[in-house]
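The values are calculated or read from the model by the stated rules, or taken from the named source; none is laboratory data. No experiment lies behind these values; they were computed from the predicted model shown. In this analysis, Cβ positions are derived from the backbone assuming ideal geometry, glycine residues included, and neighbour counts consider all displayed protein chains. Accessible surface is based on the protein model in full, side chains and every heavy atom, while ligands, DNA and RNA are left aside. Shrake-Rupley method; radii C 1.70, N 1.55, O 1.52, S 1.80 Å.
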Amino acid sequence: KYNGRIGRITAFAPGTKENAAIFCHGGAFKVVADLKIGRAKEAYKTFKQTLPCSDNKDIEIYKSEPYIYPEYVIGPGNHRYGEGAFTWLTGSADWMFVAATEWMLGIRPEFDGLLIDPCIPNNWKRYVITRRFRGATYQITIENPKGRSKGIKEILVDGRKLDGCLIPPHRDGKIHHVKVLMN
């Protein structure tokens, strides 16, 4: 029952909305926090666990599209515990996209340029990203031959060695090839 003295939370059934639901966007914040302190393995584990199609979700209980984040998962205290609620109406997908691309894959826009700073599971040996940024396109190949989670040894932009990890914006409408070698 709604209680005006307590407020909005009393209008929701147990386990829904702000009344003990499991909101998904908090998982993205944990992923980024882990990545900021170099805990790639933990970040990737959380990322995988929070995916809508995660292995630990029983689709008969979850009942939501397995390819889209819900606003929340119905929490304990409700007979529908584990069910996804309000899909297509959440910022969780946006937050997870930022966590994955800018913090894990490490292609992050900064004021002065495009920062290359991956923090990945150490078994990832190579990946490629195409990123449009301030009037140019960057085709970025990141190679990790020694199986590291973090650290840059060298960055080449169009064959020229870059000092540091920040690519200044080219703003020329061209495609630039970036090769990143992790430590």
> Which residues, taken from the range 171-182, are open to solvent by 70 Å² or more (accessible area, probe 1.4 Å) and outside any strand (DSSP E or B)?
Replying inline: R171, K174
> Condition test on Y44, is it within 15 Å of I22 (Cα to Cα) and touching a residue at least 12 places away in the same chain (Cβ under 8 Å)?
Replying inline: no
>> Whether any residue in the range 112-123 is of a type outside the set (G, A, S) and at positive phi is what I want to check.
In response: no
> Out of the residues in the range 1-56 that are open to solvent by less than 40 Å² (accessible area, probe 1.4 Å), in a helix (DSSP H, G or I) and hydroxyl-bearing (S, T, Y), which is farthest from R80 (Cα to Cα)?
Replying inline: T46
> Across the range 151-183, what is the number of residues that are in contact (Cβ under 8 Å) with a residue 40 or more places away in the chain, more than 17 Å from P118 (Cβ to Cβ) and touching a Lys or Arg at 6+ places or on another chain (Cβ under 6 Å)?
Replying inline: 1
> Hey, does the range 151-161 have a residue that's surrounded by 14 or more Cβ atoms within 10 Å (Cβ to Cβ) and among the basic types (K, R)?
Replying inline: no
